[in-house]
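To keep things clear, I will list the structure first and then write my remarks on it.
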Amino acid sequence: MPGTILTELEKTGLDVGIEKLATLSDGEQIPNPKPIQKSEKKVKRAQRDLSRKKKGSKNRDKARQRLAKIHERIRHQRQDYLHKIASYLVWKYGKIVAEDLQIQNMLKNHHLAKSIADAGWGYLFTMLSYKAESVGREFIRVIAHGSSQECSQCGAIVKKDLAERVHRCPHCGLVLDRDHNAAKVLEKRAS
Ligand SMILES: [Zn+2]
């Protein structure tokens, strides 16, 4: 990776998700950080521990501090991971195109809220924007409306519900992973 001379800086779409952190225009998938899932067990244990301590007791204070520490460690792990991903993307691409997510609105949907917060899209986008600017690359946000329904090859609207993971276009015959197709649509929207 380091030391490679890039002769041409490519453009990519970046489709963020919950199962995977992101999918790029060339089909590369960026996984969610694994250690965080493991840490959830620790959180549950610490929460249980806390709930068993008597209110107002010193032990309860200690248990609360332990839980806070675990949360902090998880946040650091997640941010560290997102930093690395942002650096990698900015190193690899001259132009990164992502959706203009209304994260605040999405957080109002409680079902989605935890996953979105865990995935750290907001933090990733902040990092991308900051890192891209500092090295003269571009991080562009485009309106994502309908990007998952549009065919990246012919532009036709191909309706599919959330459970359909594959984009199959009856007009041009394109068959592509749903997120991969969406990333390509985002990329096109920036041009
Ligand atoms: Zn098509």
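The values are calculated or read from the model by the stated rules, or taken from the named source; none is laboratory data. Bear in mind that the values here come from a model prediction, so they are computed numbers and not experimental data. Methodologically, a virtual Cβ is constructed for each residue, glycine included, from the backbone with ideal geometry; neighbour enumeration extends over all protein chains shown. SASA here: full protein model, heavy atoms, side chains in, ligands and nucleic acids out. Shrake-Rupley method; radii C 1.70, N 1.55, O 1.52, S 1.80 Å.
Against the condition open to solvent by 40 Å² or more (accessible area, probe 1.4 Å), within 30 Å of L162 (Cβ to Cβ) and at pLDDT 90 or above, how does Q47 come out, does it pass?
For Q47, the condition - open to solvent by 40 Å² or more (accessible area, probe 1.4 Å), within 30 Å of L162 (Cβ to Cβ) and at pLDDT 90 or above - is not met.
So K55 ticks every box in (1) without any contact (Cβ under 8 Å) to a residue 24 or more places away in the chain; (2) in a helix (DSSP H, G or I) but one. Which box is left unticked?
(2)
Pairs under 7 Å by beta carbon, first residue of a type in the set (G, A, S) in segment 147-174, partner open to solvent by less than 30 Å² (accessible area, probe 1.4 Å) and away from the ligand (no atom under 13 Å from the Cβ), six or more apart or different chains?
Correct list of pairs: S147/E99; S147/A182; S147/L186; S148/R178; S148/A182.
Quick check on S191: is it away from the ligand (no atom under 16 Å from the Cβ), modelled with pLDDT of 95 or more and open to solvent by 40 Å² or more (accessible area, probe 1.4 Å)? Full working, then the answer.
Details: away from the ligand (no atom under 16 Å from the Cβ): yes; modelled with pLDDT of 95 or more: no; open to solvent by 40 Å² or more (accessible area, probe 1.4 Å): yes.
No: the conditions fail for S191.
Give the residues of segment 151-188 that are within 13 Å of the ligand (Cβ to nearest atom) and closer than 13 Å to G13 by Cα, sorted by residue number.
S152, N181, K184, V185, K188
Out of (1) more than 10 Å from the ligand (Cβ to nearest atom); (2) farther than 30 Å from S87 by Cβ, what's the single condition that is false for H145?
Here H145 meets the rest and fails (2).
Could you identify the single residue in A86, A63 that is more than 20 Å from the chain's Cα centre (by Cα) and open to solvent by less than 30 Å² (accessible area, probe 1.4 Å)?
A63
State which residue is modelled with the lowest pLDDT when the search covers only segment 144-169 and only residues that are open to solvent by 80 Å² or more (accessible area, probe 1.4 Å) and within 16 Å of A190 (Cα to Cα).
My answer is H145.
For segment 11-29, indicate whether the set of residues that are on the phi > 0 side of the Ramachandran plot and at pLDDT 90 or above is non-empty.
The initial filter retains those residues of segment 11-29 that are on the phi > 0 side of the Ramachandran plot, namely 27.
Remaining after also requiring at pLDDT 90 or above: 27.
Scanning segment 11-29 turns up at least one residue that is on the phi > 0 side of the Ramachandran plot and at pLDDT 90 or above.
Can you confirm whether Q47 is part of a helix (DSSP H, G or I), more than 30 Å from S147 (Cα to Cα) and touching a Pro at 6+ places or on another chain (Cβ under 6 Å)?
Taking the combined requirement at face value, the residue does not satisfy it.
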